[in-house]
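Worksheet: the structure to be examined is printed underneath.
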Amino acid sequence: MPRYTYRRLSKLPASTDQLRHHTVLNLPGMLAGLSFAHTIMEPGAAVPISVEEDAGILLFTLAGRGVMLLDGDRIEVGANDLVHIPAGVPFGMQTLGRTNWVYVMLQAPAE
């Protein structure tokens, strides 16, 4: 099982016509116990390193920038970046720069 997954989704829909033809990321089994959060972290805000033992996380950045500490690695993320953090992987987060870091987080029980 991978430690984590990082993807930059650079070709997201930008117009009404494009929105009618978008790609849906479908992860089988993710609906049971799924939680969703929209978060705005202000400049200088941080989340200390922790571990979700019983849940995997998908974090998608909408705007701003942040730094994620993932299993000892330091990853800078920005708009359209997607990070998958499997259950049991230590992670922490901190805003980067002088703007808010806006992201959505999906959390689901580990299989």
Problem set entry | Of all residues making up region 84-110, the number that are farther than 19 Å from GLU52 by Cβ and aromatic (Phe, Trp, Tyr) | 1
Exercise. MET68 passes all but one of (1) surrounded by 18 or more Cβ atoms within 10 Å (Cβ to Cβ); (2) within 12 Å of the chain's Cα centre (by Cα); (3) touching a residue at least 40 places away in the same chain (Cβ under 8 Å); which number fails?
Worked result: (3)
Exercise. Out of all the residues in region 47-60, is one or more in a loop (DSSP other than H, G, I, E, B), surrounded by 14 or more Cβ atoms within 10 Å (Cβ to Cβ) and modelled with pLDDT of 60 or more?
Worked result: yes
Exercise. Which of (1) open to solvent by 30 Å² or more (accessible area, probe 1.4 Å); (2) touching a residue at least 12 places away in the same chain (Cβ under 8 Å); (3) touching a strand residue (DSSP E or B) at 6+ places or on another chain (Cβ under 8 Å) does TYR103 not meet, given it meets every other one?
Worked result: (1)
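The values are calculated or read from the model by the stated rules, or taken from the named source; none is laboratory data. For clarity, every value in this text was computed on a predicted model and none was experimentally measured. We place every Cβ from the backbone using ideal geometry, glycine too, and count neighbours over all the protein chains shown. Heads up: the accessible areas ignore ligands, DNA and RNA and are worked out on the full protein's heavy atoms, side chains in. Shrake-Rupley method; radii C 1.70, N 1.55, O 1.52, S 1.80 Å.
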